[in-house]
Structure formats: C-alpha cells, structure tokens
Amino acid sequence: MADVLSQDEIDALLAGITSGEIDAKELKEVDERPVKDYDFKRPAKFSKEHLRTLEIIFEHFGRLLSTNLPVYLRKSVQVTVVNSEALTFSEFTNSLPNPVILGIINFLPMNGNIMMELASNVGFAIIDRMLGGAGEPLEKIRDFSDIELSILEKIIVICVRLMREPWRNVVELSPVLERVETNPQFAMIIAPTEMISIVTLNMKIGEVEGLMNVCLPFFTLENIMDKLNTKYWFSTMQNGNDEDYRDHIEDMINHVPMPIKAVLGKSIISVSDFVNLQPGDIIRLDSKVAEELNVYVGNIKKFTALPGAIKNEYAVRITSVIREEE
C-alpha cells in the first residue's frame, strides 16, 4: 500500500512544482506492472508446481514400466516423461485419432476417473509381440479386433497396477481399469470445458516408438491438490536404510528359480533311426564316461562336473566354476 502524504508534504510538493524545482513529467512516470490476460473459460487450476509434481510421479511410473513390461513382452522397454500441460478436456479429445486406445481408469478412492491413451502403433507392436511376433507395428492403422483389445486390456491392467507405488507419497490408491475404448466419442468422462492435466510419456518398445498420454481431470485430483507440490512430496518420502534395502533385494533374488542342466553329450542320428528308437537301444555320445560334463545355467555354461548318483537320484559333482572372462 502506498504511503499517505501529510498536508505539509502536499504543500511542499505543490510549491516545488510551481517554482520549477520538481519536474511534473517525472511524477507521471510510474512503475507500470505488466497486465496478464485471464481466460475465464480456461481457469488456471493447475500451477507449474502441480505439473512439476505430476512429472515426478510419472517419472517413477515410467521407471516401473521400463522394468516390468519386458517380463511380458520379452523385449526392451524404455519409458520417459516428455512434458506436462493443462488444457480443457475438449481440446484433448479433439486431438485424438480414430481408432485410438483409451483406458478408462477408476481412480479409487478419488472421485471420478482418469484416462490413459496409448498410441496405435505401440498397441499393434504389443499385440504382435504378445502373439509371438517380432513386435512390429502395422503399415496401415486399422480398427482393433475383440481379441486384440483383450490382449491390450491385460497390458493396460498391468500399467494401472503399477500406478499405486508412484502415488503412495500423496495418496493410497486402488485404481481399477473399467473399460477400453477405441472411439474418443465414447470416452467422455467429464464435461468438455473441464480443466485437465496431461502428462505425456514416450514409450519405446524395441525399435517402435510412440506416446502415452495420461489425462488427469482437476475434478478427480481436487481433494489432493494441496499435496501436489514438491515440498510436500520430499517431506513425505521415506529415507530407507540402504543395507535393509540391499538385504531385501538379495532375499527376493534368492527365491528366483534358476533352470540348470547337465549335458551328458551330443550325438547325430538319422531321422529313420530316431523314428525307430525302442527301449533298450543305445545312442553313442561324443563324450567319454570319465569325461567332465558341462553344466548350464539357462543357456550359459557356468560349471564342469562329474556324473554320479545320490539316494537313487542322478546327480553331478561340481569340479570347476567357469568365470565370465573364461
């Protein structure tokens, strides 16, 4: 608030202007503040702080996708956050192609739904990979069949489950996939004029690259908007003990089953001999009885061993360990 002049100060100011000691033009020069336009049709409900916090949350979500999806797709997956922005729901839906992959997610226990949009080329690459292909997209985009949508739904359910952990510092979620739509007209989860935030992620599956957009309506996040700031985020992060975390990881790894096989030897026979094999027939191998066997972990040769038996079971005794440098 500006200072109020006393009567003496006003008289002195007028006297200075009359005598010419004070230039009236200098008094007219005031510090003009820039005026910002405010669009009442698009109220600024999401601040930069809100959008930045959402980016942090979905950066964590992207890391989880990068480590979990390769288990199902058997191919490298890289997911990174591209940007976040606020716009109206109609602007988002009008920019969607047809067909499109839209997962409608009930964001329990929050009010309302959110939406996950997946690029069609990435969707077809996932379908091709899940059906045993190389993971290549279609040259020409077409509508999805019911079987293809069923396959995509299983992958989207996995993505939805992975949302719980990134949001844990803000709210405990139990999101549920309600349905998958391919036509934007059937995915009107809120009014067209409602404000939403869009977090865009870049998904790369092998050589196929596309975008994943997550639509978060203000109506759904309204109850937790005060928690969507970096100060609250970092204050609620739990600083776990590194040693306990390492022990936890080691314990998980210790329970992972490992396929191990000991190869007695190899042989080449004709197809007719193979077809006519009978119990009691002998196949000559390329190894000797006293020769050490190769023991494989998966498809990697890790040990040499001698054959034997223990308690009426076949067994091998490890004689040496094969290091990576060998």
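What follows is calculated from the coordinates using simple rules that are stated; it is not laboratory data. Everything quoted here is computed from the prediction, not taken from an experiment. Heads up, the Cβs are rebuilt from the backbone with ideal geometry, glycines too, and the neighbour counts pull from every protein chain shown.
What FRET efficiency comes out for the pair Ser76/Lys288, r = Cβ-Cβ distance, R0 = 41 Å, nearest 0.05?
0.45
May I ask you to evaluate 6.51 cos²θ - 1.76 cosθ + 1.60, the Karplus curve with θ = phi - 60°, for each residue of segment 142-150 and list the ³J(HN,Hα) values in order in whole Hz, giving x for glycine and proline?
9, 5, 8, 7, 4, 5, 5, 5, 5
Could you tally the net charge around Asn121, taking each other residue with its Cβ under 14 Å from the Cβ of Asn121, Lys/Arg +1 and Asp/Glu -1?
Around Asn121, the surrounding residues sum to -3.
Mind jotting down the distance between the C-alpha centroids of segment 163-185 and segment 242-297, whole Å?
Between the Cα centre of segment 242-297 and that of segment 163-185, the gap is 44 Å.
Work out how much length Ile224 to Ile10 would gain on full extension: take 0.36 nm times their residue separation and subtract the Cα-Cα distance, in nm to one decimal.
Full extension of this stretch gives 71.8 nm more.
Give the peptides 299-306, 277-284 in descending order of average Cβ contacts within 10 Å, highest first.
Answer by packing, highest mean first, reads 299-306, 277-284.
In nm, to one decimal, how far is the modelled label at Glu139 from the one at Asn299, with both set 7 Å along Cα→Cβ?
Going by the 7 Å Cα→Cβ label model, 3.0 nm.
Run the quick spin-label model on Arg164 and Glu59: label points 7 Å from Cα toward the beta carbon, then report their separation in nm to one decimal.
About 2.5 nm separates the two model spin labels.
Which ³J(HN,Hα) values, rounded to whole Hz and listed in residue order, are derived for segment 307-313 from phi using the Karplus coefficients 6.51, -1.76 and 1.60 in 6.51 cos²θ - 1.76 cosθ + 1.60 with θ = phi - 60°, glycine and proline given as x?
x, x, 8, 8, 6, 6, 10
With label points built 7 Å along Cα→Cβ from the Cα atoms of Glu85 and Asp251, find their separation and express it in nm.
4.7 nm
Want the number for Ile318 to Leu131: 0.36 nm per residue separation, take away the alpha-carbon distance, what's left?
Once the chain is fully extended between Ile318 and Leu131, it gains 63.4 nm.
Could you give the length gained by full extension between Ile260 and Lys311, i.e. 0.36 nm per residue of separation minus their alpha carbon distance, to one decimal place?
In short, 16.4 nm is gained.
Around Leu285, with a cut-off of 11 angstrom between Cβ atoms, what is the net charge of the other residues, counting Lys and Arg +1 and Asp and Glu -1?
Once all neighbours under 11 Å are counted, the net charge is +1.
Under a Cβ-only charge scheme (Lys and Arg +1, Asp and Glu -1), can you give me the dipole magnitude of segment 260-321 about the Cα centre, in debye to the nearest 20? Don't jump to the answer; show the numbers that get you there.
Values: 8 positive and 6 negative charges, 57 e Å.
That gives segment 260-321 a dipole magnitude of about 280 debye.
Could you give log10 I(q)/I(0) at q = 0.19, 0.20 Å⁻¹ for segment 48-239, computed by the Debye formula over C-alpha point scatterers of equal weight, without solvent?
-1.42, -1.56
Excluding Lys48 itself, what net charge comes from residues whose Cβ is under 13 Å from its Cβ, given Lys and Arg +1 and Asp and Glu -1?
-1
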